[in-house]
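Participant: A single structure is presented below for examination.
The values are calculated or read from the model by the stated rules, or taken from the named source; none is laboratory data. Computed from a prediction, not measured in an experiment: that's the story for all the values here. FYI the Cβ positions are ideal-geometry reconstructions off the backbone, even for glycines, and counts take in every protein chain you see. Accessible surface is based on the protein model in full, side chains and every heavy atom, while ligands, DNA and RNA are left aside. Shrake-Rupley method; radii C 1.70, N 1.55, O 1.52, S 1.80 Å.
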Amino acid sequence: MHISRRQFFRISSAGLGASSLATLGMAPAVAHADVRQFKLLRARETRNNCTYCSVGCGILMYSLGDGAKNAEAKIFHIEGDPDHPVSRGSLCPKGSGLIDYIHSDQRLKYPEVREPGTNEWKRITWEEANARIARLLKDDRDANFIEFNDKGERVNRWLSSGMLASSAASNETGILDFKFARALGMLGMDCQARLCHGPTVSALAPSFGRGAMTNNWVDIKNANVILVMGGNPAEAHPVGFKWAVEAKVRNKATMIVVDPRYNRSAAVADMYSPIRAGSDAAFLMGMVNYLLAHDKIQHEYVKAYTNASLIVRADYGFDEGLFSGYDADRKVYDRSSWAYETGPDGYALRDETLQHPRCVLNLLKKHVERYTPDVVTSLCGTPKADFLKICEIMASTCAPDRTATFLYALGWTHHTAGAQIIRGSAMIQLLLGNIGMPGGGVNALRGHSNIQGYTDLGLLSTRLPGYMDLPRDHQQTLEGYLADITPKADLPNQVNFWKNTPKFFVSLMKNLWGEHATPENSFGYHWLPKWDRSYDMLAYFDLMYRGKVNGYIAQGFNPIAAMPDSGKIRSALSKLKFLVVIDPLRTETSNFWQNHGEFNDVDPSQIQTTVFRLPSSCFAEENGAIVNSGRWLQWHWAGQKPPYEARHDGRILGGIFTRLRELYRQEGGACPEPLLNMSWDYHDPHDPHPEEVAKEANGYALADLYDDSGRLLARKGELLSDFGQLRDDGSTASYCWIFAGSWTEAGNQMARRDNTDSGLGNTPGWAWAWPANRRILYNRASMAPSGKPWDPKRQLLHWDGKRWTGADVPDYPAASPPDSGVSPFIMLPEGLGRLFSVKGMVDGPFPEHYEPTESPLAANPLHPAVSQNPVARVFADDAARMGRREEFPYVATTYSITEMFRHWTKHARLNAIAQPEQFVEISEKLAAKKGIVQGDVVRVSSKRGFIRGKAVVTKRVMTLQVDGQDLEQVGIPCHWGFEGTTRKGFLANTLSPGIGDANTQTPEFKAFLVNVEKA
Ligand code: SF4
């Protein structure tokens, strides 16, 4: 849909007017902002990063007080760091309000407890808090620890207590979280990644080898085409988005936005087109069909660097919505047929002529031929002319000297088929030759400031650091486990870098168990908890809801606000014996037992949960590293001490952990070895310092290390310089192999501040990026096999006769010469980007359109018998809480707005002033039908509950034609609650369903059914 300038102003002013209407008369009393006095000359300047989103903007914090007696440093001003290569001094409305977060009157000051059935918080000492919490944890663990399963296999797990880790705390806190939880045997451990970008890892790793943003923020400026779909970066990542604007201004890039709403990104795009929430896979498969049907692929790239020519097994198939191997009783696929046909040598068969009917490219053609423009239009509601125009623009980048980038975020991940949507974009970029290219890539715009880091650190229920899996029950021996998880090459002469898994894993064991890990005891492998099923957040809260969980720790996490179906979460928390909340702020979760009228209508006397509230420091009060979306580990420093009695997270964990160890030493108890043997050898075990934790993440030589020629690489006790030094014989220790190189004998690489542009916007001297400081992943694919760059203007690397060198660190064996036959996707066993994902996904090797669990259609027109994702997990309690279109006819989609970050900024005065109250966006047609006018209060209901908010009647949301019927969409921002500086409000997630993406269980926040009425 083309929007003229005049139309644009009409739409924008309608929206602005509406927003103002929503604001007028509703600003809280705090609207009278103080005039701050800037006294920078006497101030101390401290560098840090914005704590909100994963752009990771640089900030300078100014404090007064030099630490002399009675002169505690206090931050009084924050501004953007002009030297930062991404933000260059900019901050968005969230970053601009950071000072109000630090000094929010919602900050917690003292440890407190709410006793069962009471209606008050009671101040306690840290000593009492640690003692009581340790006692509760120990008693529950001793009573419920499972040392052996029914088969007699050692499993060392504790299921009746769990933990949620933060997403904005530093890597160093995350490492302590992991050690704490795994030493105790917890499997119910998860982090925010479960609620946001889980599908990104699940989709991109099987496609390219790693599950991360392929390029980086600044590199977006090199694009010729920017397709923003499944995200709204102008709103959610405003400072990172300026690089998209830079591409438009300086590179004459075309920016396209496809979204259910005409959003702020669309307002500056060259083209906007609407789409029905939950139909993105159909759109992308339609685009794949267009590219193949019009022969708009980069042939040389596709042949050389993708698995297009590999031959798939004869028993693979797809029919009526189901791939081969479906087990209807268990709702799972047997994935053995989703594999390559192999020859006698065990390698995959290949047909370079692309004629074989079962070569990947021909299977793909067959799979997508159903997605004609008419089908796409009917399923998505996108006008056909728009769809064809967008395909044409994207197709223009199949030329070697043009690139397109995809920018996406939660608009793609929050679906039952979220990972498959992302796979669709990965396939398009491989067909167009846009992976590894400057200005190309599939750029997952991570959400929270350190959720990339927490994902890297393995803070998910069945994960280990560095993207290894926690062992399962049946993997009873170290050798068997390593054999299972270490891939064999699918083609000869390939890097297959995961073949080094034993080195990564044994080094992890040496880090976790220290001197207790020996070759004789399989490096402590048996102490790790083993898993029998997923204990992801949705599954674990379902167990809690059913009364099977006793204790829970929520650290920097507000699950009642963040998780879907808040009513169920509230009921689940009510069934706990004890809840420990570690947070800088007063959260809805810590006060879930309080009555807040219709916003939280509970009876405290009926809730028998003991709740502890432990005040923690915030970002501005700690040293440490966070990882931005572009995989940069950025070190930051504290500008002041935590207020009142608040403590650093590491000190809080250290206090409970050391107390638990004392109890086990004194009293014994269930399986004490993992707890007592976990390395916690810090200078002060009660208060580990971030610097010492960061160094263990990098890793140490435990013996003198030599290379094959006898050259000394590192002396015993020295920090490792890269992951190439890791060994599987116990002579190295490293918590997270991909972080090896981040803190070496040369110093803290994460603290580097050389912003010199080495070419094409790369700044390798700023901070440190995993892996090995590479800034653009798969960058060898930016050149032909001969080493000639596809586009001389985008030359990142060149062969100097001995090595690859250039503006970036080669993501490739540096000494492997041109035409060596070594392919660029070095983490995959075939070395090739995957159009067909072999066995990497649980719901199909090719993406398929499935309707959301709550669908506005009677059936999926493509295959009515299989409307929804056939392997999406639905718990019985949740199935009963799903609505139908007859009762809830409108499609709701939740989202974030520029001024707010999830449920944190509502505690910051500046942001509370900017967006004081819940609103809901509806179309003019729906408003007219329901008799709703601008500013009316509306009631939005789903099968799970209701919320109320101000109506914003807007042209930004359009009535679509889908499958021959009018389709209305309702936009629901989710930032308010019954705590905070904003007005009290409903938790928007009261409405959303408790079902997740089939691969990751990331909830379907972006497409569910509601009704709307005038309240
Ligand atoms: S919220 Fe994101 S874009 Fe805004 S200042 Fe913080 S890091 Fe930068």
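Participant: Once you have the Cα-Cα distance between residue 712 and residue 819, take 0.36 nm times their residue separation minus that, and quote the gain in nm to one decimal. Can you show the working numbers first?
Facilitator: Numbers: separation 107, 0.36 × 107 = 38.52 nm, distance 3.19 nm.
That pair, residue 712 and residue 819, stretches by 35.3 nm at full extension.
Participant: Using a probe of 1.4 angstrom, how much of the accessible area of the range 44-103 is carbon and sulfur, in percent? Don't skip to the end; give the middle numbers.
Facilitator: Values: 990 of 2220 Å².
Carbon-and-sulfur percentage of accessible area, whole number: 45.
Participant: With θ set to phi - 60° and the Karplus curve 6.51 cos²θ - 1.76 cosθ + 1.60, what are the ³J(HN,Hα) couplings of the range 653-668 in order, to the nearest whole Hz, using x for Gly and Pro?
Facilitator: 3J(HN,Hα) across the range 653-668, in whole Hz: 5, x, x, 6, 5, 5, 5, 4, 4, 4, 4, 5, 5, 6, 10, x.
Participant: What percent antiparallel are the DSSP beta bridges of the chain, to the nearest 5?
Facilitator: Details: 69 of 117 bridges.
Around 60 percent of the beta bridges assigned by DSSP in the chain are antiparallel ones.
Participant: Compute, for residue 53, the solvent-accessible surface of its heavy atoms (probe 1.4 Å) with the complete set of protein chains present, and express it in square angstrom to the nearest 10.
Facilitator: 20
Participant: How long are the semi-axes of the ellipsoid equivalent to the chain, from square roots of 5 times the Cα gyration tensor eigenvalues, in whole Å, largest first? Provide the component values of the computation, followed by the final result.
Facilitator: Working: eigenvalues 291, 267, 173 Å².
Equivalent ellipsoid semi-axes, largest first: 38, 37, 29 Å.
Participant: Would you grab the residues whose amide H sits under 5 Å from the one on residue 736? Only those 5+ places off in sequence or on another chain, please, with H modelled 1.01 Å from N.
Facilitator: Under 5 Å from the amide H of residue 736: no residue qualifies.
Participant: Further, regarding this structure: Report the label-to-label distance for residue 928 and residue 139 in nanometres (one decimal), using points 7 Å from each Cα along the Cα→Cβ vector.
Facilitator: Distance between the two pseudo-spin positions: 6.5 nm.
Participant: In whole angstrom, and with the biggest value first, how far do the Cα coordinates of the range 197-447 range along each principal axis?
Facilitator: Sorted from largest, the Cα extents of the range 197-447 read 54, 40, 33 Å.
Participant: Now a separate question. Spelling out what I want: for every residue of the range 925-936, take phi, set θ = phi - 60°, compute 6.51 cos²θ - 1.76 cosθ + 1.60 (Karplus), and round to whole Hz; glycine and proline get x.
Facilitator: 5, 5, 4, 4, 4, 9, x, 9, 10, 3, x, 4
Participant: Less than 12 Å Cβ to Cβ from residue 962, Lys/Arg counted +1 and Asp/Glu -1: what total charge do the surrounding residues give?
Facilitator: Working: positive: 276, 885; negative: 851, 963, 966, 968.
Value of the local net charge: -2.
Participant: Using the Cα atoms of the range 876-1014 to build a convex hull, what is its mean projected area in square nanometres?
Facilitator: 9.2
Participant: Something else now. Could you report the accessible area of residue 602 in Å², rounded to 10, computed with a 1.4 Å probe on the protein chains as they sit in the structure?
Facilitator: Probe radius 1.4 Å; accessible area of residue 602 about 20 Å².
Participant: Counting DSSP beta bridges with both partners in the range 876-1014, what percentage is antiparallel, nearest 5? Please report the intermediate quantities before stating the final value.
Facilitator: Working: 18 of 27 bridges.
Counting only bridges with both partners in the range 876-1014, antiparallel ones make up about 65 percent.
Participant: Below 11 angstrom from the Cβ of residue 497, what's the summed charge of the other residues (Lys, Arg +1; Asp, Glu -1)? Please list the in-between numbers first.
Facilitator: Working: positive: 210, 499, 503; negative: 811.
In short, +2.
Participant: Which far-off residues, 5 or more places away or on another chain, put their amide H under 5 Å from the one on residue 744, with H placed in the peptide plane?
Facilitator: Placed amide hydrogens put 749 under 5 Å from residue 744.
Participant: Further question: Would you calculate a helix-derived [θ] at 222 nm for the chain, using -39,500 (n - 2.57) for each DSSP H run of n ≥ 4 and dividing by the full residue count, to the nearest 500? Don't skip to the answer; put the middle values down first.
Facilitator: Values: 27 runs with 258 residues, N = 1015.
Calculated mean residue ellipticity at 222 nm is -7500 deg cm²/dmol.
Participant: Rank these by accessible area, largest first, 1.4 Å probe: 598, 622.
Facilitator: Working: 598 90, 622 15 Å².
Descending accessible area places them as 598, 622.
Participant: With a 1.4 Å probe and every protein chain left in place, tell me how much accessible area residue 774 has, in Å² to the nearest 10.
Facilitator: Its accessible surface works out to 30 Å², give or take rounding.
Participant: Also: Tell me which GluC sites (Glu not before Pro) from the range 89-177 have a DSSP coil assignment and no more than 10 other beta carbons within 10 Å of their own. Numbers along the way, then the final one.
Facilitator: Details: sites: 112, 120, 127, 128, 147, 153, 172; in loops: 120, 153.
The qualifying sites are 120.
Participant: Here's a follow-up. Let me check I've understood the local charge: for residue 106, count other residues with C-beta under 15 angstrom from its C-beta, Lys and Arg +1, Asp and Glu -1. What total comes out? Can you show the working numbers first?
Facilitator: Details: positive: 107, 109, 586, 613, 902, 906, 909, 983, 984; negative: 100, 105, 112, 583, 588, 979.
So the environment of residue 106 carries a net charge of +3.
Participant: May I ask you to evaluate 6.51 cos²θ - 1.76 cosθ + 1.60, the Karplus curve with θ = phi - 60°, for each residue of the range 324-335 and list the ³J(HN,Hα) values in order in whole Hz, giving x for glycine and proline?
Facilitator: Using θ = phi - 60°, the values come out as 4, x, 6, 10, 5, 5, 9, 6, 9, 9, 7, 8 Hz.
Participant: Right, next: At a 10 angstrom cut-off on C-beta neighbours, averaged per residue, how do the peptides 542-548, 155-161 rank from highest to lowest? Please report the intermediate quantities before stating the final value.
Facilitator: Working: 542-548: 17.1, 155-161: 22.7.
Taking the mean over residues of other Cβ atoms within 10 Å, the ranking is 155-161, 542-548.
Participant: Let me ask something additional. Order of 498-508, 560-570 by packing, highest average Cβ count within 10 Å first? Kindly include the intermediate steps, with their values, before the conclusion.
Facilitator: Values: 498-508: 22.0, 560-570: 25.1.
Descending mean neighbour count gives 560-570, 498-508.
Participant: Label residue 328 and residue 270 with points 7 Å out from Cα along Cα→Cβ: what is the distance between them in nm?
Facilitator: So the label points at residue 328 and residue 270 sit 5.0 nm apart.
Participant: Would you work out if the range 591-675 is rounded, prolate or oblate? Take a ≥ b ≥ c from the square roots of the eigenvalues of the alpha-carbon gyration tensor; rounded if a/c is under 1.5, else prolate when a/b is larger than b/c, oblate otherwise.
Facilitator: Details: a/c = 2.08, a/b = 1.10, b/c = 1.89.
The shape class here is oblate.
Participant: Hey, another quick one. If you roll a 1.4 Å probe over the heavy atoms of the protein chains, what accessible area per residue do you get for the chain, in Å²?
Facilitator: Numbers: 32870 Å² over 1015 residues.
Heavy-atom accessible area per residue stands at 32 Å².
Participant: Hey, any idea what % of the range 876-1014's accessible area is carbon plus sulfur with a 1.4 Å probe? Each step should come with its number before you reach the end.
Facilitator: Numbers: 1910 of 4020 Å².
After summing per-atom areas, the C and S share lands at 47 percent.
Participant: Can you sort 596, 474, 84, 103 by 1.4 Å-probe accessible area, starting with the largest? It would help to have the intermediate numbers written out before the result.
Facilitator: On the way: 596 25, 474 115, 84 0, 103 75 Å².
Sorted by accessible area, descending: 474, 103, 596, 84.
Participant: Heavy atoms only, 1.4 Å probe, whole protein assembly: order 791, 329 by accessible area, highest first.
Facilitator: So, going from the largest accessible area down, we get 329, 791.
Participant: Treating only the Cβ atoms of Lys and Arg (+1) and Asp and Glu (-1) as charged, compute the dipole magnitude of the chain about its Cα centre; round to the nearest 20 debye. Show your work: numbers first, answer last.
Facilitator: Details: 113 positive and 112 negative charges, 462 e Å.
Around 2220 debye, computed over the chain.
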